[in-house]
Amino acid sequence: MEYRDPFAAASNAAQNKAASYDLGLRAYMLKIYNYMASALALTGVVAMLAASSEAFMGALYNVSPSGHMGMSGFGMLVAFAPLGLVLWLGFGINRMSAATAQLIFWAYAGLIGLSLSSIFLVYTGESIARTFFITAGTFGAMSLYGYTTKKDLSGMGSFLLMGLFGLIIASVVNIFMASSALNFVISVGGVLIFVGLTAYDTQKLKSMYYQVAGNSEAMAKASIMGALNLYLDFINMFMYLLRFFGDRK
């Protein structure tokens, strides 16, 4: 009778299971990055098309005889509609199908594109492109760090989320103060916070895979929400970096 080492068999089974999880994790993360990249492409195309349309920009903004530009009622609707969509998606993801969640995700990316069309009126196209590539490089490096590091970033994530709330409050306060010094601090803080959140969110998404693996519907929804988180990290990092690298017209 041939002798078979039970410990070797158990070891092989464990290795096969680990390899299966590694392949599944890579496929899961690749799907998230594909969703995110597609959403960024949609946002960029919509923003450029909207900015090139005088009729649309005229509908978004009211220009006074003195040259002051203010947002119209339609512009306000476009600006705040993404907030409603992201809240709907965030709070209702468990009750909706993955297909519905994906539709809301694309609609959100398109509306963000409409909102960002105004940057083409303020900054040169060359500086916008330059800032985009700087953001892409920074995002890629931090996301890779979050994926590969063995360090637990959950503590840093809690600190960054508190910093984000502080950033929002400071931004609201500065609407009334109009302080250039506070604006500079907000810009620096915004870049640092979203650079850190990119690494934290990537590690969190990696950990989440082990909770949803084997459930196709749960994985599909987790992929969409993961793409949304990384998309928001990228867009916010880009907007704060644009304050430093953008050349005004």
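So which helices of the chain fit the span-like rule, where a helix is a whole DSSP H run, its Cα atoms reach 15 Å or more along the axis, and its mean Kyte-Doolittle is at least 1.6?
73-92, 154-177
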Under 5 Å from the placed amide H of Tyr61, counting only residues 5+ away or on other chains, we find Ser72
So the number of lysine pairs in the range 24-245 with alpha-carbon atoms under 22 angstrom apart, 8 or more residues apart or on different chains, is 9
With Cα springs under 10 Å, the Gaussian network model of the chain assigns the largest mean-square fluctuation among Met237, Met76, Met177 to Met177
Quick calc, Ser154 & Met96: beta-carbon distance into FRET formula, R0 25 Å, rounding 0.05, result 0.35
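Express the relative contact order of the range 24-245 as a whole percentage, based on alpha carbon pairs under 8 Å and six or more residues apart in sequence.
Numbers: 202 pairs, mean separation 67.3, N = 222.
Taking the mean separation of contacting Cα pairs over the length of the range 24-245, I get 30 percent.
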Cα Rg, Dmax, the chain, angstrom units: 21.8, 98
Checking Asp201, Asp233, Asp22 against a Gaussian network model of the chain (alpha-carbon springs below 10 Å), the top fluctuating residue turns out to be Asp22
Sequence of Phe234, Phe80 once ranked by neighbouring C-beta atoms within 10 Å, starting from the fewest: Phe80, Phe234
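The numbers here are math on the coordinates, done by the rules we state, and not lab data. All of these numbers come straight from a predicted model, not from anything done at the bench. Quick reminder, even Gly has a Cβ in these numbers, built from the backbone with ideal geometry, and neighbours come from all protein chains shown.
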